[in-house]
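Below is one structure; the comments refer to it alone.
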């Protein structure tokens, strides 16, 4: 970020990583960062994807049981007919659950509109803070300028090798390698038996005003996401509720941010 007179400007980089212009810095980049609010909104967004679940009303109750009465030195619980094995009751093998999940439970979390907007503004501001980006684990040591703003030509990249070339010129290729290396490790626990053998991290995020092919070009690069500005939300900018994702903006998106947040010229 550079300053000229009383106005702050961001350097606009070409696909080769060279400075070719500048654009006025949106005020949203200078807002206070609220990690607590960001986390709350992300959790709310995640709850919108949850599927309601319940239990069969007869689960654990499909047994022929009888009560043996007193005087046998046994607890007064139903037992499988003809045996002394406890059944039907909670805590017995094959018995019903004490408090089973119910489909009528309200799992949809809600957040006020002003809080959503404040969280979004805060998440955008965190992407412009190199300290937050590095604290999140991203490798941006080789990036000469921050935040990263590139020309609109990035929208029309057609080949994956062009996107790789772009990341190397911007100095963020090390972050892609970080994600790639992390995905080579088999995770511990039962997750690996449930179709989640590898756990991938989050790499650079490309925010463009219009996707004219960049999405297809970058989809095979580990950890890289491409999203149009109109689809940007808090979870995309702060995966897991942790602000500071490494974000690369195109020039049109920066200009659009100023109009979205109604900044005066």
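The values are calculated or read from the model by the stated rules, or taken from the named source; none is laboratory data. Source: prediction; values computed, not measured. So basically every Cβ, Gly included, is an ideal-geometry build from the backbone, and we count neighbours across all protein chains shown.
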Completion exercise
Okay, strands (runs of 3 or more DSSP E) sitting entirely in region 177-265 with 2 or more residues that are free of Cβ contacts under 8 Å to residues at least 24 places away in the same chain and buried (at least 17 other Cβ atoms within 10 Å of the Cβ), I get 225-228
Fill in the blank from the handout: Flagged pairs (Cβ under 6 angstrom, 6 or more apart or on separate chains; first in region 17-30, more than 13 Å from residue 148 (Cβ to Cβ); second assigned to a loop (DSSP other than H, G, I, E, B) and at pLDDT 90 or above) are 20/14
Handout entry: Matching residues, region 17-57, being surrounded by 12 or more Cβ atoms within 10 Å (Cβ to Cβ), farther than 21 Å from residue 123 by Cβ and more than 24 Å from the chain's Cα centre (by Cα)
Key = 17, 19, 20, 21, 22, 54, 55
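Okay, residues lined up against (1) at pLDDT 95 or above; (2) closer than 24 Å to residue 177 by Cα; (3) within 18 Å of the chain's Cα centre (by Cα):
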{"site": "203", "(1), (2), (3)": "no, yes, yes"}
{"site": "207", "(1), (2), (3)": "yes, yes, yes"}
{"site": "210", "(1), (2), (3)": "no, no, no"}
{"site": "215", "(1), (2), (3)": "no, yes, yes"}
{"site": "221", "(1), (2), (3)": "no, yes, yes"}
{"site": "227", "(1), (2), (3)": "yes, yes, yes"}
{"site": "234", "(1), (2), (3)": "yes, no, yes"}
{"site": "240", "(1), (2), (3)": "no, yes, yes"}
{"site": "244", "(1), (2), (3)": "no, yes, yes"}
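From the list 65, 93, pick out the single residue that is surrounded by fewer than 12 Cβ atoms within 10 Å (Cβ to Cβ), over 30 Å from residue 241 (Cα atoms) and modelled with pLDDT of 90 or more.
Every option except 93 fails the conditions.
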Practice task
Could you tell me whether region 120-138 includes any residue that is exposed (fewer than 14 other Cβ atoms within 10 Å of the Cβ) and either closer than 30 Å to residue 35 by Cα or in contact with a helix residue (DSSP H, G or I) (Cβ under 6 Å, 6 or more places away or on another chain) (or both)?
Solution key: yes
